[in-house]
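Note sheet for the following structure.
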Amino acid sequence: MAEPVCVQKLPYVVELEPGKYWWCSCGKSAKQPFCDGSHQGSEFNPVEIEVSEKTTIGFCGCKKTNNAPRCDGTHTQL
Ligand code: FES
Ligand code: FES
């Protein structure tokens, strides 16, 4: 199985308006932490998240989280 690119060993803390978002799981997007389509042709797919009210989320930047798309602290062990 291919390994994702570790973009940063820190979460991206982003304030979101209500709507749907796609977290980049492959680490190749130029629009981190969101997917820009760069995963095409690989085994990675973006992870969808829908928020119903304005909220702040810590998106995983290391791409090793076990609770995608959120940071679960795994980056501290890298
Ligand atoms: Fe990384 Fe789409 S660019 S999942
Ligand atoms: Fe990936 Fe925290 S940034 S687990």
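Derivation of every value follows stated rules applied to the coordinates shown; laboratory data play no part. Quick caveat, the model's predicted, so the values are computed rather than measured. Every residue, glycine as well, gets a Cβ built from its backbone with ideal geometry; the counts of neighbours run over all protein chains shown.
Structural remarks
- The longest part of the chain holding none of the exposed loop GluC sites (Glu not before Pro), meaning those outside H, G, I, E and B in DSSP with at most 11 other Cβ atoms within 10 Å, is 1-42.
- For GLY73, residues with placed amide H under 5 Å, excluding near neighbours: none
- Qualifying trypsin sites (Lys or Arg not before Pro) in the chain, DSSP loop, other Cβ atoms within 10 Å at most 16: LYS9, LYS31, LYS54
- Interchain or long-range residues, amide H under 5 Å from SER25's placed H: VAL47
- Extension gain (nm, one decimal) between ALA68 and SER38, 0.36 nm per residue minus Cα-Cα: 9.0 nm
- Three-way shape call for the chain based on the alpha-carbon gyration tensor, with the a/c threshold at 1.5: oblate
- Using θ = phi - 60° and Karplus 6.51 cos²θ - 1.76 cosθ + 1.60, couplings along region 65-71 (whole Hz; Gly, Pro as x): 4, 9, 9, 4, x, 8, 5
- Once the Cα-Cα distance is subtracted from the 0.36 nm per residue extended length, the VAL51 to GLN77 segment shows a gain of 6.5 nm.
- Relative contact order of the chain, defined on C-alpha pairs under 8 angstrom at six or more residues apart (%): 38 percent
- Fully extending the segment from ALA30 to ALA2, taken as 0.36 nm per residue of separation minus the present Cα-Cα distance, adds 8.2 nm.
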